[in-house]
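The values are calculated or read from the model by the stated rules, or taken from the named source; none is laboratory data. All values derive from a computational prediction rather than experimental measurement. Glycine gets a Cβ as well: all are built from the backbone with ideal geometry, and neighbour counts include every protein chain shown. We work out accessible area using only protein heavy atoms, side chains counted, and drop any ligands, DNA or RNA first. Shrake-Rupley method; radii C 1.70, N 1.55, O 1.52, S 1.80 Å.
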Amino acid sequence: MAISIPPPQWDDPEASAPGVAVLAGGCFWCTEAVYLALEGVKKVVSGYSGGAQETAHYRVVCSGATGHAEAIEITFDPARLTYGRLLQVFFGVAHDPTQLNRQGSDVGTQYRSAVFAVNPAQLQMAKNYMAELNAAEVFRQPIVTELTMLETFYPAEDYHQDYARRNPEQPYICAVALPKVEKLQQTFPQFLRKE
C-alpha cells in the first residue's frame, strides 16, 4: 500500500532555480529509473557524493568505507518541475527515508538516504519538509535522511548510466527498480512524462 505523502508546505523558487538536485536513496540504478520517468527532468546521472575523488569508483565505494553515497544528479526544468516535487517523489516513492545506512537488502553507508543541497535554499527546504513529514507522522519511524551541502558529485562509470532502461531483464532491476517505477505511476501519475 502506497503512503500518501503531501507536498512541502512551501516550495521555495530559489531551491528550484539552479535546475540541479543531488539525492541519494540506495542503489542509484533504482533512483535514476524513478526520476527519468518524471515530466521536466532533462537528465539523470548516477554517481557518488560524500567522499574524495580518488575513492569515487564503484568497487571501492561498495566497501562502504569511502564516505560516498550512491547518488544521482538530476538536471530539471524549473518551469515544469519544482524542487519540492523532486523531494515529494524522493520521500514518497524513490526510497524508504526511515532506513539508516541501508535500503532493503542493500546495507552500508553507501546506500544511505541523503540530500546533497546545491544551495542554502535547498538545504532549508529539505530540512523543513522532513520536519513537516515527521510532525504529520507520515512514516511509522522517523526520517533519518542526512542533510548536507554538496561538495562534489562524481559521475559513476559509464555502464551504470541509464542502467535500468538498458537492462530491464536484470533480476535486481526486476525486483527493486521496476516496482519503484510502478509505485511512481500509481502514486503520482500526474507527474509522469507525457511522451
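Scan the range 109-120 for residues that are assigned to a helix (DSSP H, G or I), of a type outside the set (S, T, N, Q) and closer than 14 Å to VAL144 by Cβ and jot them down. Walk me through it before giving the result.
Of the residues in the range 109-120, the ones assigned to a helix (DSSP H, G or I) are 109-111, 120.
Pick out the ones that are also of a type outside the set (S, T, N, Q) and you get 111, 120.
Of everything in the range 109-120, just one residue is assigned to a helix (DSSP H, G or I), of a type outside the set (S, T, N, Q) and closer than 14 Å to VAL144 by Cβ, namely TYR111.
In the range 148-170, how many are part of a strand (DSSP E or B) and closer than 25 Å to ALA37 by Cα? So that I can check it myself, show each step before the final result.
Of the range 148-170, the ones part of a strand (DSSP E or B) are 148-149, 153-155.
Checking which are closer than 25 Å to ALA37 by Cα leaves us with 153-155.
Qualifying residue count, the range 148-170: 3.
The rows are residues; the columns are (1) open to solvent by less than 10 Å² (accessible area, probe 1.4 Å); (2) touching a helix residue (DSSP H, G or I) at 6+ places or on another chain (Cβ under 9 Å); (3) within 25 Å of ARG102 (Cα to Cα); (4) among the β-branched types (Val, Ile, Thr).
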position	(1), (2), (3), (4)
GLN9	no, yes, no, no
CYS27	no, yes, yes, no
ALA33	no, yes, yes, no
GLY40	yes, yes, no, no
GLU70	yes, yes, yes, no
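Taking the condition more than 25 Å from ARG140 (Cα to Cα) and touching a Leu at 6+ places or on another chain (Cβ under 7 Å), does ALA52 pass?
Values: more than 25 Å from ARG140 (Cα to Cα): yes; touching a Leu at 6+ places or on another chain (Cβ under 7 Å): no.
In short, no.
Listed residues ASP106, ASP96, ASP77; which is farther than 20 Å from GLU151 by Cβ and touching a Cys at 6+ places or on another chain (Cβ under 9 Å)?
On the way: ASP96 fails: touching a Cys at 6+ places or on another chain (Cβ under 9 Å); ASP77 fails: touching a Cys at 6+ places or on another chain (Cβ under 9 Å).
Among ASP106, ASP96, ASP77, only ASP106 is farther than 20 Å from GLU151 by Cβ and touching a Cys at 6+ places or on another chain (Cβ under 9 Å).
Between PHE116, PHE139, which is in contact with a Ser or Thr (Cβ under 8 Å, 6 or more places away or on another chain), surrounded by fewer than 18 Cβ atoms within 10 Å (Cβ to Cβ) and aromatic (Phe, Trp, Tyr)? Give the derivation first.
Values: PHE116 fails: surrounded by fewer than 18 Cβ atoms within 10 Å (Cβ to Cβ).
The conditions single out PHE139.
Of all the residues that make up the range 39-80, how many are of a type in the set (A, V, I, L, M) and assigned to a helix (DSSP H, G or I)? First the steps, then the outcome.
The first filter runs over the range 39-80 and keeps only residues of a type in the set (A, V, I, L, M), leaving 41, 44-45, 52, 56, 60-61, 65, 69, 71-72, 74, 79.
With assigned to a helix (DSSP H, G or I) added as a condition, the list becomes 60-61.
Number satisfying all stated conditions: 2.
Any idea how many residues of the range 1-38 are under 21 Å from PRO168 (Cα atoms) and either in contact with a Pro (Cβ under 7 Å, 6 or more places away or on another chain) or part of a loop (DSSP other than H, G, I, E, B) (or both)? Break it down stepwise before answering.
First pass over the range 1-38, keeping only residues under 21 Å from PRO168 (Cα atoms): 25-38.
Remaining after also requiring either in contact with a Pro (Cβ under 7 Å, 6 or more places away or on another chain) or part of a loop (DSSP other than H, G, I, E, B) (or both): 26-27, 37.
Residues flagged as under 21 Å from PRO168 (Cα atoms) and either in contact with a Pro (Cβ under 7 Å, 6 or more places away or on another chain) or part of a loop (DSSP other than H, G, I, E, B) (or both) within the range 1-38 amount to 3.
Exactly one condition in (1) surrounded by fewer than 18 Cβ atoms within 10 Å (Cβ to Cβ); (2) under 18 Å from the mean Cα position of the chain (by Cα) is false for ALA177; which is it?
(1)
Specify which of the listed residues (LEU133, LEU87, LEU123) is buried (at least 20 other Cβ atoms within 10 Å of the Cβ), in a helix (DSSP H, G or I), within 15 Å of the chain's Cα centre (by Cα) and not basic (Lys, Arg).
Working: LEU133 fails: within 15 Å of the chain's Cα centre (by Cα); LEU123 fails: buried (at least 20 other Cβ atoms within 10 Å of the Cβ).
Answer to the selection: LEU87.
Do the conditions hold for THR98, that is, is it at pLDDT 95 or above, assigned to a loop (DSSP other than H, G, I, E, B) and of a type in the set (Ser, Thr, Tyr)?
On the way: at pLDDT 95 or above: yes; assigned to a loop (DSSP other than H, G, I, E, B): yes; of a type in the set (Ser, Thr, Tyr): yes.
For THR98, the condition - at pLDDT 95 or above, assigned to a loop (DSSP other than H, G, I, E, B) and of a type in the set (Ser, Thr, Tyr) - is met.
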